[in-house]
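Reading through the structure tokens given below for one structure.
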Amino acid sequence: MDTLLSSLDSVAGLLVLTLLAFGDTLIGVGFFVFGELAFLAAGAAFAANGAVIPALVVLVAAWAGDVTSYLIGARYGARMSLPFLKRLKRRKAWRRAKAELGRRGAVFVVIARFLGPVAWVTPFLAGTLGMERRVFLPAAALGVFLGAGQFLIYGAIGAQVMDALLPFVLDHLAVCLLLVFMILSSLYVWRRSERGVLLKGLQVAAITVTIFFASNLTYFFVLNSHAAQGVPRTSYASVCDAATGPFTVDPGTTDLHLPQPVNVLLLSEGTGADLMAALGWHRNVTFTHDEIGFGAYLGLVLQNTPPISELYLSSVPADSAHQMTGTLKVREHIRWWDMGAGVHLGAISKTEEIAIKYYSHLPVLLHDIDPKVDQSRALLAGQVDGLPGYQVLGLAALTQPVEDGVVADYETDGGILVLAQEGVALPETLMDCLRITPPG
């Protein structure tokens, strides 16, 4: 946007602004030229980089358009009036301008700049009716300064607002478009309905809910929204690299996407999926790794094993996702990421309710987690303790405690459960570099 505004101060940019501003006030052409764009753009350029020339150019060009229309009216007004006034909209503006010019003269030339279509015919009519130049020229200049000047101010304010809003809108473009579509659809239904206020409200609610669910179905089952993005994966060269994190995962990349903690670290020549299979956990399908049609989705829902929503660790989706047997509403979940060097990071939590959450690009209907994620971590530790082939090394103090509601929607003491496959070579520095406190 800054590059575009800077280009307005070039020869080509100034020429475009001149033509738009001049055409906006030229008789006949002004009905078809949206000159306000030139005034808004010039105001935005001034706010963005202090460019004064574009603002002066559009003001002078607009005044020149008024003067040209006045001169055309003075010379050819009587002859041009009849063909010009064929359209009803022009005739209405003509009659109003003629009546007001007769009563107020120069004052109306100024006021006309704020009256839409009337502004397009007033200079021409002033020339046709023989208004003196010494009266018209300063009045037109003042009218342009005030009328066009307001759009310069709007452009300057708009540039400041856009600087603040544009990054947000671009980050959340899908949500913004969805909200606009919902609002426009609701307004259309409200205005078209002939029912009472209560029934109108129910119709608006119904169309809003329909659009919400339609967007969810389209996002998950029609669009290829979960395709791999080719993001480089963080890879560890040694076990102790795990101390550098990252230790949070999230369902998107903006500040509105609520994070969840990485709270399990597995040292194994196998994978996190191998451990979960040994524990008897069910492996869930995911939208990133599996082809899931709507029929298949309904079947999984009936089995209380619906697909798990994606969480991303440094923009990379989990390699596998698993759940304990539970209900559709309450289940223990864990997702695993393979980090190399025999290190696997996991995020475990328990779902406790279904809610509308901001996920990837849209607000969708998803499970929400129980904030007390340390309880899920302790449950896993208890299951692994005594499991043949695996051992619990303790808790790694690699993250800070989080109080619920401070920086996330979970709470934790900050400890990361460290598990290891028996027989895996563990570095002598492991306890120190990962800051592990042995269990018990």
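The values are calculated or read from the model by the stated rules, or taken from the named source; none is laboratory data. All figures in this text were calculated on a predicted structure; none of them were measured in a lab. Cβ placement follows ideal geometry from the backbone for every residue including glycine, while neighbour counts extend to all protein chains displayed. Protein only, heavy atoms only, side chains kept; ligands, DNA and RNA dropped before computing areas. Shrake-Rupley method; radii C 1.70, N 1.55, O 1.52, S 1.80 Å.
What the table below lists for this structure:
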{"read-out": "Extension gain, S193 back to F34 (0.36 nm per residue minus Cα-Cα distance, nm)", "value": "53.9 nm"}
{"read-out": "Potential lengthening between I356 and T327 on full extension [0.36 nm per residue; Cα-Cα distance subtracted]", "value": "8.6 nm"}
{"read-out": "Partnerless cysteines, meaning none of the other Cys C-beta atoms lie under 4.7 Å away, in the chain", "value": "C176"}
{"read-out": "GNM top mover of G116, G293, G252 - the chain, alpha-carbon springs below 10 Å", "value": "G116"}
{"read-out": "Solvent exposure, largest accessible area first (probe 1.4 Å, DNA, RNA and ligands not counted), of D66, D409, D163, D290", "value": "D163, D290, D409, D66"}
{"read-out": "Förster radius 30 Å - calculated FRET efficiency between A277 and A341, Cβ distance, rounded to 0.05", "value": "0.85"}
{"read-out": "Helix axis angle, 11-25 relative to the chain longest principal axis, alpha carbon, degrees", "value": "60 degrees"}
{"read-out": "Prolate/oblate/rounded call for the range 106-239, Cα gyration tensor, a/c under 1.5 rounded", "value": "oblate"}
{"read-out": "Structure-derived semi-axes √(5λ) of the Cα gyration tensor in Å - corresponding label in (i) 42, 25, 20; (ii) 36, 26, 20; (iii) 69, 26, 16", "value": "(iii)"}
{"read-out": "Cα gyration tensor shape for the range 306-401, rounded if a/c is under 1.5, else prolate or oblate", "value": "prolate"}
{"read-out": "Pairwise label distance in nanometres, I153 with V135, each label 7 Å out on the Cα-Cβ vector", "value": "2.9 nm"}
{"read-out": "The range 373-440 and the range 250-294: distance between their alpha carbon centers, rounded to Å", "value": "17 Å"}
{"read-out": "Gaussian network model of the chain, Cα within-10 Å springs - most flexible of L302, L40, L380", "value": "L302"}
{"read-out": "On Cα atoms only, tilt of 373-384 relative to the major axis of the chain in degrees", "value": "30 degrees"}
{"read-out": "Pairwise FRET efficiency - L173 versus T210, Cβ, R0 = 22 Å, nearest 0.05", "value": "0.50"}
{"read-out": "Angle between the chain longest axis and helix 117-128 axis [Cα atoms, degrees, rounded to 10]", "value": "20 degrees"}
{"read-out": "Dipole axis of the chain (+1 Lys, Arg; -1 Asp, Glu on Cβ), positive-most option in P261, L223, H344", "value": "L223"}
{"read-out": "Inter-label distance, nm, simple model (7 Å from Cα along the C-beta direction), A296/D241", "value": "3.3 nm"}
{"read-out": "Tensor-based shape of the range 286-349 (alpha-carbon gyration tensor, a/c under 1.5 rounded, otherwise prolate or oblate)", "value": "oblate"}
{"read-out": "Contour minus Cα-Cα distance for T437 and L223 (0.36 nm per residue)", "value": "72.4 nm"}
{"read-out": "Among I72, I292, I211, residue whose mean-square fluctuation peaks in a GNM of the chain (springs only between Cα atoms under 10 Å)", "value": "I72"}
{"read-out": "Protection-proxy order for peptides 232-245, 422-435, each taking the mean of Cβ atoms within 10 Å per residue, highest first", "value": "232-245, 422-435"}
{"read-out": "Inter-label distance, nm, simple model (7 Å from Cα along the C-beta direction), S314/H257", "value": "1.5 nm"}
{"read-out": "Bridge type composition, the range 363-440 - antiparallel percent by DSSP, nearest 5", "value": "90 percent"}
{"read-out": "Relative contact order (percent, whole number), the chain, Cα cutoff 8 Å, 6+ residue spacing", "value": "12 percent"}
{"read-out": "With every protein chain in place, the chain: carbon and sulfur % of accessible area (1.4 Å)", "value": "63 percent"}
{"read-out": "Residues A425 and A397, FRET efficiency given R0 of 22 Å [Cβ-Cβ distance, rounded to 0.05]", "value": "0.40"}
